[in-house]
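Working notes, structure below.
The values are calculated or read from the model by the stated rules, or taken from the named source; none is laboratory data. Values in this document were obtained by computation on a predicted structure and should not be read as measured data. Positions of Cβ are generated from backbone atoms using ideal geometry, with glycine treated the same way; all protein chains shown enter the neighbour counts. When the accessible area is computed, the model is the full protein with side chains, heavy atoms only, and any ligands, DNA or RNA have been set aside. Shrake-Rupley method; radii C 1.70, N 1.55, O 1.52, S 1.80 Å.
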Amino acid sequence: MGLFGKSKNSGTSVKAHRENLKKNLEHRLTVARSNGDEKLVRQLEQEAADLNLS
């Protein structure tokens, strides 16, 4: 398969990637909230909305 070719595992790879993005973003939000960084919290919430992860 080429770099952009479809494989039977491409769907699960995409799902795993999105789950990892969500976990990472949730962690970053937790840290930002615990540090009282409201600007960063708003940015991360917007990022989650943009990625349809929220």
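Values as computed for the structure displayed
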| item | result |
| --- | --- |
| Residue selected from segment 1-30 under the condition of a type in the set (S, T, N, Q) and assigned to a helix (DSSP H, G or I), by the criterion modelled with the lowest pLDDT | Ser10 |
| Within segment 31-53, considering residues that are in a loop (DSSP other than H, G, I, E, B) and closer than 17 Å to His17 by Cβ, the one most open to solvent (accessible area, probe 1.4 Å) | Asn52 |
| Test set (1) within 18 Å of the chain's Cα centre (by Cα); (2) at pLDDT 90 or above - Ser54 fails condition number | (2) |
| Pair list, Cβ under 7 Å, 6 or more apart: segment 29-42 residue within 17 Å of Leu53 (Cα to Cα), other residue at pLDDT 95 or above and open to solvent by 100 Å² or more (accessible area, probe 1.4 Å) | Val41/Arg33 |
